[in-house]
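The values are calculated or read from the model by the stated rules, or taken from the named source; none is laboratory data. Please read all numbers here as calculations on a predicted model, not as lab measurements. Neighbour counts are summed over all protein chains in view; Cβ atoms, including those assigned to glycine, are modelled from backbone coordinates with ideal geometry. Just the protein is used for accessible areas: all its heavy atoms, side chains included, with ligands, DNA and RNA removed. Shrake-Rupley method; radii C 1.70, N 1.55, O 1.52, S 1.80 Å.
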Amino acid sequence: MLQISGIDEVFYRHIAILLDPRAFIRESEARRLPIDRRRLARVCEYVAANLGAPISLTDLERVGHMSRKTLHNAFVKATGASPAAWVREQRLQRARGLLVASPLTVTEVLLACGFTHASQFAALYARRFGELPSATRKAKK
């Protein structure tokens, strides 16, 4: 139709945006591609492989090839948690698994899961699981 009338498409879009800008905002939002699940999976795999080491948001941005904001939004959308909260939850889950299934001491477990302060680990663990790490260890025996 534009070719028949001789109106340039760019000119037409400018006029249409002036008349109804909301229509083009909706159109541009619809054209956005969803977050690439493979990039998010790569970040999750990196976290799982490196739970015993320090993991920074910069590391996660680099691994996922995402900006900090995109990374945050992707994690919230996929998990309901921020990247830092998700990493902490993964560490706590791994720690619980090790306390139940391994002969490691509580100190060895917290270090293997990337925690550096026993008191902080114990507080986070108790808040998450409702018992101290030592209680989980004793229940195993």
Segment 36-123, accessible area per residue, ligands and nucleic acids excluded (1.4 Å, Å²): 56 Å²
Given a 1.4 Å probe and every protein chain left where it sits, what share in percent of the accessible area of segment 88-141 is carbon and sulfur? 56 percent
Please compute the volume of the convex hull spanned by the alpha-carbon atoms of segment 73-123 and report it per residue in Å³. 77 Å³
Modelled FRET efficiency - R0 30 Å, SER67 with ALA122, Cβ distances, 0.05 increments: 0.30
3J(HN,Hα) from dihedral phi, segment 71-88, Karplus parametrisation 6.51/-1.76/1.60, rounded to Hz, x for glycine, proline: 4, 4, 4, 5, 5, 4, 5, 7, 10, x, 9, 5, x, 5, 5, 5, 4, 4
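With a Förster radius of 25 Å, plug the Cβ-Cβ distance of LEU111 and THR58 into 1/(1 + (r/R0)^6) and report the FRET value to the nearest 0.05.
0.65
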Roughly how many percent of the accessible protein surface of segment 34-85 is carbon and sulfur, given a 1.4 Å probe and a whole-percent answer? 56 percent
